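Student: Can you read through this structure? Questions will come right after.
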Amino acid sequence: MDTAPAVRQETPSGDAVTALESAVDGPVLLPGTDAFAAECAGFNLLVVHRPAVVVGATGPQDVQAAVRFAVQHGLPVAVVCTGHQPFEPVQGAVLITTSRMDAVEIDVPARTARTGAGAVWQQVVDAAAPAGLAPLNGSSAKVGVTGYVLGGGLSPTLGRTYGWAADHVRAIEIVTADGELRRVTATAEPELFWAVRGAKGNFGVVTAMEIDLFPVSTYFGGGLFYAGEHTEAVLRAYREWITTAPDELSSSVALLRLPPSPEVPAPLRGRLAVHVRVCFLGPAVEGERLVAPLRALAPTIIDTVMPTPYRAFASVHQDPVDPVPLRMRNALLTGLTDEVVDALVAFGGPGSGCGLTVLEVRHLGAALARPAAVPSAVDARDAGVSVWGAAIGPAEATAPAIAQLDRLITRLRPWSTGRRYLNFMSGADGAECAYTAQTYQRLRTVKRAYDPGNVFRLNNHNIPPA
Ligand SMILES: Cc1cc2nc3c(=O)[nH]c(=O)nc-3n(C[C@H](O)[C@H](O)[C@H](O)COP(=O)(O)OP(=O)(O)OC[C@H]3O[C@@H](n4cnc5c(N)ncnc54)[C@H](O)[C@@H]3O)c2cc1C
């Protein structure tokens, strides 16, 4: 059993909090106020943080002051941007919120974006679009850039063409446990640069990043929705279809059980539907040819696949944007075999009683399988597909569905790479699930060098110092 060095914990005195207030520009919030509750709330309604104090950081100096304050008072530090990732609620910590640090600057000649810690994907996409450029964003407009990229960054639109977002970072500015603001790159503190890109908030609070942009302004894509009775036919056709997919084609298929509520499109309300998501970066005529076999296999109830400006990337998946109670699990598989399809159909098909809101198979490979030019800690290159399931609803109501999902993941073990994808892991998964033993040991060594007291141990998949 790993043990971190003991950390003294105390409740900061009123004088100490006053001193913190004078050291930061942003709000310092204590329990018991509406402002505190609002600052602790995020996208996932199941996660209600109860820190000792919240610092609403406005810049790197605020982050430094908050980290130094925490260390001085023996408190752990947690960081939240949008609250999309499900973790155990933080208690008795200094919680740093980054949503105010959301500046985005585009350097067109360098093809990079400088993103503040609080930026979300739609902001970066909108800022880059006028120059005909795009980042390696995720499926949702409102997911935070920093957490996504540091967790690997699996883009459902550009991933197979360009690779992991964590592999395409030029520089990271980060406040470490000693309160120092460091600018780390491939040549400046390269071990820390390697570790942060793939192991997230374990090493400090990132205040800004410089990320690569790619020459993409439109895509041919969207979603094909089929009635649930076609689940098996669609999954089998999808399995076949991806075997010849070019690198310019990123895709996934999801079994959806959406609620019968007015914000859900009428044909999908309260019923099982199969959603094939497509993003092709080549000519539309070629896209039409690629998608034709999917269109022919069964009648679609909605078809949004067409040439689309890149700014509308979020319409490919149509993730929820308003806060929801969400739990999730993930497995990385070497490929989508017939046996895996059998297991998915039995688990999630019509009449299965599956209680998940979404069960997704995302196609990996192509650039996602290639080594990075500047190696990162992302350890998912041997995966052919990701299987990700999520249940939306109160914890008691979704517990049976999550238990079913755990059983499915156990059943899929013969095809597993042996690891999970950090950004899709449940809060309960240990960090070691995401890495080979060698990578995990190397991460623990970096952790010992930069955070020997494990100050950054909450609200992340914690890597204990070696
Ligand atoms: C609807 C939805 C769609 C998603 N789609 C994708 C997808 O397509 N591809 C993909 O790869 N992932 C996806 N994810 C997962 C998502 O990328 C991760 O949950 C990510 O960590 C969310 O970051 P956040 O800032 O929005 O959330 P938060 O919960 O605020 O942050 C998550 C974690 O990131 C770390 N972190 C955040 N900011 C900092 C910082 N400044 N410094 C250090 N650490 C920090 C912390 O450990 C924090 O707990 C999706 C999640 C959801 C809910």
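Student: Do we have any residue at all in the range 396-419 that's polar (S, T, N, Q) and crowded, with 23+ Cβ neighbours inside 10 Å? Walk me through how you get there before you give the answer.
Tutor: Residues of the range 396-419 that are polar (S, T, N, Q), as a first pass: 398, 404, 410, 416-417.
In the following step, the residues that additionally are crowded, with 23+ Cβ neighbours inside 10 Å were identified as none.
There is no residue in the range 396-419 that is polar (S, T, N, Q) and crowded, with 23+ Cβ neighbours inside 10 Å.
Student: Next question, about the same structure. Can you tell which of GLY204, GLY270 is of a type outside the set (A, V, I, L, M) and crowded, with 21+ Cβ neighbours inside 10 Å?
Tutor: GLY204
Student: Out of the range 19-45, which residues are touching a residue at least 24 places away in the same chain (Cβ under 8 Å), open to solvent by 60 Å² or more (accessible area, probe 1.4 Å) and within 27 Å of ALA397 (Cβ to Cβ)?
Tutor: ALA41, LEU45
Student: Hey, another quick one. Can you confirm whether ALA437 is outside the structural domain of PRO375 (by TED's automatic domain parsing), more than 14 Å from the ligand (Cβ to nearest atom) and under 29 Å from GLY179 (Cα atoms)?
Tutor: Details: outside the structural domain of PRO375 (by TED's automatic domain parsing): yes; more than 14 Å from the ligand (Cβ to nearest atom): yes; under 29 Å from GLY179 (Cα atoms): no.
Taking the combined requirement at face value, the residue does not satisfy it.
Student: OK, next. Please indicate, with yes or no, whether at least one residue in the range 327-349 is in contact with a Cys (Cβ under 7 Å, 6 or more places away or on another chain) and either in a loop (DSSP other than H, G, I, E, B) or open to solvent by less than 20 Å² (accessible area, probe 1.4 Å) (or both).
Tutor: The initial filter retains those residues of the range 327-349 that are in contact with a Cys (Cβ under 7 Å, 6 or more places away or on another chain), namely 347-348.
So of that shortlist, the ones also either in a loop (DSSP other than H, G, I, E, B) or open to solvent by less than 20 Å² (accessible area, probe 1.4 Å) (or both) come out as 348.
Yes, the range 327-349 contains at least one residue that is in contact with a Cys (Cβ under 7 Å, 6 or more places away or on another chain) and either in a loop (DSSP other than H, G, I, E, B) or open to solvent by less than 20 Å² (accessible area, probe 1.4 Å) (or both).
Student: Which members of the range 177-191 meet the condition of being under 17 Å from ASN460 (Cα atoms) and surrounded by fewer than 20 Cβ atoms within 10 Å (Cβ to Cβ)? Lay out the reasoning, then the answer.
Tutor: Residues of the range 177-191 that are under 17 Å from ASN460 (Cα atoms), as a first pass: 177.
Matches in the range 177-191: none.
Conditions (1) open to solvent by 50 Å² or more (accessible area, probe 1.4 Å); (2) assigned to a strand (DSSP E or B); (3) within 27 Å of ARG311 (Cβ to Cβ); (4) within 16 Å of the ligand (Cβ to nearest atom), marked per residue:
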| site | (1), (2), (3), (4) |
| --- | --- |
| PHE193 | no, no, no, yes |
| ARG197 | no, no, yes, yes |
| LEU224 | no, yes, yes, no |
| HIS230 | no, no, no, no |
| VAL234 | no, no, no, no |
| ARG239 | yes, no, no, no |
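Student: Just the residues that are near the ligand (Cβ under 8 Å from one of its atoms) and assigned to a loop (DSSP other than H, G, I, E, B), please, taken from the range 148-164.
Tutor: Answer for the range 148-164, where residues must be near the ligand (Cβ under 8 Å from one of its atoms) and assigned to a loop (DSSP other than H, G, I, E, B): GLY151, GLY152, GLY153, LEU154, SER155, PRO156.
Student: If you scan the range 247-264, which residues turn out to be assigned to a loop (DSSP other than H, G, I, E, B) and either touching a Ser or Thr at 6+ places or on another chain (Cβ under 9 Å) or farther than 20 Å from VAL305 by Cβ (or both)? Give the derivation first.
Tutor: Of the residues in the range 247-264, the ones assigned to a loop (DSSP other than H, G, I, E, B) are 247-248, 258-264.
Across the range 247-264, the qualifying residues are ASP247, GLU248, LEU258, PRO259, PRO260, SER261, PRO262, GLU263.
Student: Within the group ASP167, ASP178, which residue is outside any strand (DSSP E or B), more than 9 Å from the ligand (Cβ to nearest atom), under 26 Å from ARG442 (Cβ atoms) and within 20 Å of the chain's Cα centre (by Cα)?
Tutor: On the way: ASP178 fails: within 20 Å of the chain's Cα centre (by Cα).
So the residue among ASP167, ASP178 that is outside any strand (DSSP E or B), more than 9 Å from the ligand (Cβ to nearest atom), under 26 Å from ARG442 (Cβ atoms) and within 20 Å of the chain's Cα centre (by Cα) is ASP167.
Student: Return the residues of the range 119-147 that are assigned to a helix (DSSP H, G or I), among the polar types (S, T, N, Q) and within 7 Å of the ligand (Cβ to nearest atom); say none if nothing qualifies.
Tutor: THR146
Student: Restricting the search to the range 350-360, which residues are assigned to a strand (DSSP E or B) and out of contact with any helix residue (DSSP H, G or I) (no Cβ under 7 Å at 6 or more places or on another chain)? Spell out how you get there, then give the answer.
Tutor: Of all residues in the range 350-360, those assigned to a strand (DSSP E or B) come to 358-360.
Scanning the range 350-360 gives VAL358, GLU360.
Student: Can you tell me which residue among PHE69, PHE87 is aromatic (Phe, Trp, Tyr), open to solvent by less than 40 Å² (accessible area, probe 1.4 Å) and within 15 Å of the ligand (Cβ to nearest atom)? Step through it out loud before you land on a result.
Tutor: Numbers: PHE69 fails: within 15 Å of the ligand (Cβ to nearest atom).
Going through PHE69, PHE87 in turn, the sole match is PHE87.
Student: Report yes if GLY42 is closer than 21 Å to GLU173 by Cα and part of a loop (DSSP other than H, G, I, E, B), otherwise no. Walk me through how you get there before you give the answer.
Tutor: On the way: closer than 21 Å to GLU173 by Cα: no; part of a loop (DSSP other than H, G, I, E, B): yes.
No; evaluated as a whole, the condition is false for this residue.
The values are calculated or read from the model by the stated rules, or taken from the named source; none is laboratory data. The structure displayed is predicted, hence computed values, not measured ones. Cβ: placed from backbone, ideal geometry, glycine included. Neighbour counts: every protein chain shown. All accessible areas refer to the heavy atoms of the entire protein, side chains included, with ligands and DNA or RNA removed. Shrake-Rupley method; radii C 1.70, N 1.55, O 1.52, S 1.80 Å.
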